[in-house]
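Undergrad: Take this structure first; my questions come after.
Taken together, the values in this text are just the output of simple stated rules run on the coordinates, not laboratory data. As the structure is a prediction and not an experimental result, all values here were calculated from the model. Neighbour counts are summed over all protein chains in view; Cβ atoms, including those assigned to glycine, are modelled from backbone coordinates with ideal geometry.
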Amino acid sequence: MTLNQLKKQAAWAALDYIPPGSIVGVGTGTTIFYFIEALSTIKNLIYGTVSSSNHSTLLLKKQGIRVFNLKNFSSITNYFDSADEINNRMQMIKGGGAALTREKIIAAMAKNFICIIDKSKKVDILGNFPLPIEIIPMAISYISQEIIKIGGKPKYRKNVITDNGNIIIDVYDLCIEDPLLMEKKINSLPGVVTVGLFAERSADILLVGTPKGIKTIKKNNF
Ligand code: 5RP
């Protein structure tokens, strides 16, 4: 099976985690493209959605699924999103699609983060995938210099402006042995909007698409 088929399999399996009448938190990316397709088949059973990016909002509206402004809610039940990498503590690197800040906001507001991935995203140590950081444009030199001090190689992501009007740098060659500490350290640099490490707010349920079918992992069940 191709990775796209595995993403699709995981995305459809996520429908089992949607309570009728609920507000569904929707992430961003190719896996979420399949999730939105799946969600459209039960759109009359949910109340609506909140979205983590302008792109996902467009896709949701195209499918006739209601999208609400997040500011009208103080919490939601379930947030569905994928990841670029996830370790066995359910900590993730996210932001390959540049939507990390809004994704982190919805994830923080959600009772459950349901992560849907193809099997290639599971890793022992985070950092092989370049770590995205959304930053305020004027801080690029300062932040790049600070990232080099902690052993990373920062690279400006060309031609990308986030939905919040900022830029992204991708950090290569970081071996992230302590994701919680790294998340705190990078988030504390002035000019950083969000680092794409989801260690403090890790996933609760992981649905992995594999050639043998869906593997379901719950936090603390390793
Ligand atoms: C977007 C993200 C995505 O969840 C992550 O990049 C995985 O994407 P895909 O489903 O395309 O593999 O964090 O900002």
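Undergrad: How large is the dipole of region 131-195 about the Cα centre if only Lys and Arg carry +1 and Asp and Glu carry -1, each at its Cβ, rounded to the nearest 20 debye?
TA: The calculated dipole for region 131-195 is roughly 220 debye.
Undergrad: Between region 6-54 and region 179-222, how many Å separate their Cα centres?
TA: 19 Å
Undergrad: Which number comes out as Rg/Rh for the chain once both Rg and the Kirkwood Rh are worked out on C-alpha atoms?
TA: Checking Rg against Rh, the ratio lands at 0.96.
Undergrad: Check the straight Cα-Cα distances from Lys121 and name the lysines below 17 Å, setting aside those fewer than 8 residues away within the same chain.
TA: List returned: Lys7, Lys8, Lys94, Lys212, Lys215, Lys218, Lys219.
Undergrad: In whole Hz, what ³J(HN,Hα) sequence does region 194-207 give by Karplus (6.51, -1.76, 1.60; θ = phi - 60°), x for Gly and Pro?
TA: Result, rounded to whole Hz: 7, 9, x, 9, 10, 9, 4, 10, 8, 7, 9, 9, 10, 10.
Undergrad: I need Met90, Met109 ordered by Cβ neighbour count within 10 Å, fewest first.
TA: Ordered by Cβ neighbours within 10 Å, fewest first: Met109, Met90.
Undergrad: Another question about this same structure. Report Rg/Rh for region 131-195, rounded to two decimals, where Rg is the Cα radius of gyration and Rh the Kirkwood radius.
TA: 0.93
Undergrad: A follow-up question, please. If packing is taken as the mean number of other Cβ atoms within 10 Å per residue, what is the order of 21-30, 64-73, 95-104, 121-130, highest first?
TA: Final packing ranking: 95-104, 21-30, 121-130, 64-73.
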